[in-house]
1. If eta is 0.692 mPa s and T is 37 °C, what Stokes-Einstein diffusion coefficient results for segment 485-627, Kirkwood Rh from Cα pairs, in µm²/s?
2. Dipole size in debye (nearest 20) for segment 421-551 around its Cα centre, Lys and Arg Cβ +1, Asp and Glu Cβ -1?
3. Could you put LYS90, LYS495, LYS589 in order of accessible surface area, largest first, with the 1.4 Å probe and the full protein assembly present?
4. Round to the nearest 10 and report in Å² the accessible area of LEU514, as given by a 1.4 Å probe over the protein chains' heavy atoms.
5. Given Cβ point charges of +1 (Lys, Arg) and -1 (Asp, Glu) and nothing else, what value in debye, to the nearest 20, does the dipole of segment 1-98 about its Cα centre take?
6. Return an integer: the convex hull volume of the alpha-carbon atoms of segment 512-561, in Å³ per residue.
7. Give me P(r) over segment 381-437, computed from all C-alpha to C-alpha distances, binned every 10 Å, as integer percentages.
8. Expressed as a whole number of Å, what is the distance separating the alpha-carbon centroids of segment 520-540 and segment 65-133?
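The values are calculated or read from the model by the stated rules, or taken from the named source; none is laboratory data. Please read these numbers as outputs of a predicted model, since none were measured by experiment. Because the Cβ atoms are built from the backbone with ideal geometry, glycine has one as well, and the counts that use them run over all protein chains shown. Protein only, heavy atoms only, side chains kept; ligands, DNA and RNA dropped before computing areas. Shrake-Rupley method; radii C 1.70, N 1.55, O 1.52, S 1.80 Å.
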Amino acid sequence: MFHSIPDHPPPTPLLDRITDPIALRELGEQDLETLAEELRHFLIYTVAQTGGHFGAGLGVIELTIALHYVFQTPEDHLVWDVGHQTYPHKILTGRRDRMGSLRQPDGLAPFPSREESVYDTFGVGHSSTSIGAALGMAIAKKARGDNSRTVAIIGDGAMTAGMAFEALNHVADSGVNLLVILNDNAMSISENVGGLASYFARILSSRLYLNMREGSKRLLSTMPNALEFAKRTEEHMKGMVVPGTLFDELGLNYMGPIHGHDIKNLVHTLNNIKDQQGPQFLHLVTQKGRGYGPAEESPIGSHSLAKLEKLPGSNTKRPSYSNIFGQWLCDMATADDTLMAITPAMREGSDLIAFSEQFPERYFDVAIAEQHAVTLAAGLACAGAKPVVAIYSTFLQRAYDQVIHDVAIQDLNVLFAIDRASLLEDGPTHSGVFDYSFLRCVPNLMIMAPSDENELRQMLYTGFEHTGPAAVRYPRGSGIGIQPENDMQLLPIGKSRTIRTGQQVAILAFGTILEAAKEAAIELDATLIDMRFVKPLDQEVIDNLAQSHQLLVTIEENVIAGGAGSAVNDYIAASGLRTNTLNLGIPDKFIQPANPKKMLQACGLDAECISASISQRIKLLDNPQQS
């Protein structure tokens, strides 16, 4: 076991021979434990160099090897959930030499990607999709007479989401050959592991047991009372030693829980299961962060490794926007005992740790259940509480119906604190760049975009005190170094603030992109407005700027299509204003993983690119014949 990150790549003579799963299947079973240790060591070293999800992958080393060893991948389909745990899968499927390119331009995707490899059967990033996707594949195979196998691997909390159970409910009705593996790493369902449970799982997965089970059903089918007695007896015996009654009732043959790091037993059990007909459910118990001491001791803290953000010449880490939110939440809860905080399994990421400890009766982690989080907030608001939903932008997408149907239509007092509203190194599945577009069309919903730490604190307070639903969206990472004011003040609804006054060009900046816009505004001697509100817009300032400036430029870290710039365009068109506009933002494509600054630059949203885009537009306006 490692207790620190190794300085040099560890020797991996056996892993060096594995160029693909075909080479893996040429090994003897006696070699698999050694391979698992080499793979674990290689993963620890590699992820430390690039950053990325860490603990979950360490927990599925043995499972990943066993799956590719037993099943004929890629003909047999492995469908991974969440994607956090697929680094070992990438290494074993021909991408080992590219692991250093994770989260880099043109590098490996941080999650499974169909474009990247035939072994990645389903693109993923959000949780709880594996069973539904695998079921769809299995049904399509059955329809065309394809006898290859389909396996869904779910875990790392993904079994807490309703989507997983919706799919499970459909599995039995389909009757297809589908194996669901629950990787239970104490982040979802957690059951004890013991010799009896492992023994019982081997028995339940054996051909002898399964043949006897099906044969007995046929024999007893002519004796209804005896058949019912046999079924109840089987369920009772299973219930004594395994938590499988629920899955059996859903129509899956439950096996487990078994030790997820006993690779010999895994291979034996999977070999027993792989040719069985109908839906099967195998429950494994694994340890998140297995083989790396700090990760075993703190599986949540070691969920992901990232580079530290530090001030130049200082060892003090600058507070992140999430930290500012966490402090405001505690301050606000002290002042108002109706405040309730809700998170869909993002306590650490959204910095709710202090609040959960200081106000445990007013803190609700609903697990990976974004839809429920929003409807729970609506119910709390109906009963007089004032809920704050702390949620990532990318995950709010999953609760869009609830935002409209349960909150906005009823005009309820719910505050959405939307974190990670920015381009992220994890790529398109996690970047939060659509929320302006999908929220601004919702009636009754106020949307605010803070440009710095103090603005965030004041907007959170304004949104909390506002009558009706409100959203405050802010990016990942540290701010610009402004110390938030302790006093909280209500901002005038729908009013911007002028940062500087210039000539010819007026820049309307939404959110933290203001800093890059400021550099461009100084260079171009442009007027700069911190718009603050995406909805309602400051219509008065737009009216005045349209009359006094040749060009209005909107800048946002959101997709241009339907975003804040589109809101400005809509107002200008509806008002009959005669002015020129330029909208800068995320283009109409998914931005691939890279350093966030490089991604902004690629989208034309750093100061230099903003200046160049504005200068080019001014030239065209001055010389229209060149267009």
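1. Taking Rh from Cα pairs, D becomes 210 µm²/s.
2. 320
3. LYS589, LYS495, LYS90
4. It works out to around 10 Å².
5. That gives a dipole near 340 debye.
6. 91
7. Whole-percent P(r) values from 0 Å outward: 23, 48, 23, 6.
8. 43
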